[in-house]
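**Q** Supplied in C-alpha cells, the structure appears directly below.
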Amino acid sequence: MKEKTSVTLSKDVLKDVDRLAGSKYSRSAFIERVLRRYLRDRAKAALEARDLERLNSGADRLNREAAEILEYQASEE
C-alpha cells in the first residue's frame, strides 16, 4: 500500500531526477526505485559488516591458538 507524502527537493535535484527518470518512470516511481536500491544496499552492507566481524573474531582466536602452539613447539626444542 502506498502513502502520499511531501518531500522538498532542490530544483537541480529535480532536474536530474526528471532527466534520469525520462518518460519511463514518474518522479515518484523513480525516487521509490532509487530509495529501495539504497535501502537494500545498506541492509546488505550491514550484513557483510556483521559477517566480517565474525570472521575477524574467529581469525583472531585461531591466530592466538596458532601462536600458542608455535610457542610450545619452540620451547620443546
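The values are calculated or read from the model by the stated rules, or taken from the named source; none is laboratory data. Computed from a prediction, not measured in an experiment: that's the story for all the values here. Cβ coordinates were reconstructed from backbone atoms using ideal geometry, including for glycine residues, and neighbour counts include every protein chain displayed.
**Q** Of the residues Ser28, Ser23, which is within 22 Å of Ser10 (Cα to Cα) and loosely packed, with under 10 Cβ neighbours inside 10 Å?
**A** After ruling out the rest, the residue left standing is Ser23.
**Q** Scanning for something surrounded by 10 or more Cβ atoms within 10 Å (Cβ to Cβ) and assigned to a loop (DSSP other than H, G, I, E, B), does segment 56-77 turn up at least one residue?
**A** No, every residue in segment 56-77 fails to be surrounded by 10 or more Cβ atoms within 10 Å (Cβ to Cβ) and assigned to a loop (DSSP other than H, G, I, E, B).
**Q** Could you identify the single residue in Asp41, Asp51, Asp12 that is surrounded by fewer than 10 Cβ atoms within 10 Å (Cβ to Cβ), part of a helix (DSSP H, G or I) and modelled with pLDDT of 95 or more?
**A** Of Asp41, Asp51, Asp12, the one residue that is surrounded by fewer than 10 Cβ atoms within 10 Å (Cβ to Cβ), part of a helix (DSSP H, G or I) and modelled with pLDDT of 95 or more is Asp12.
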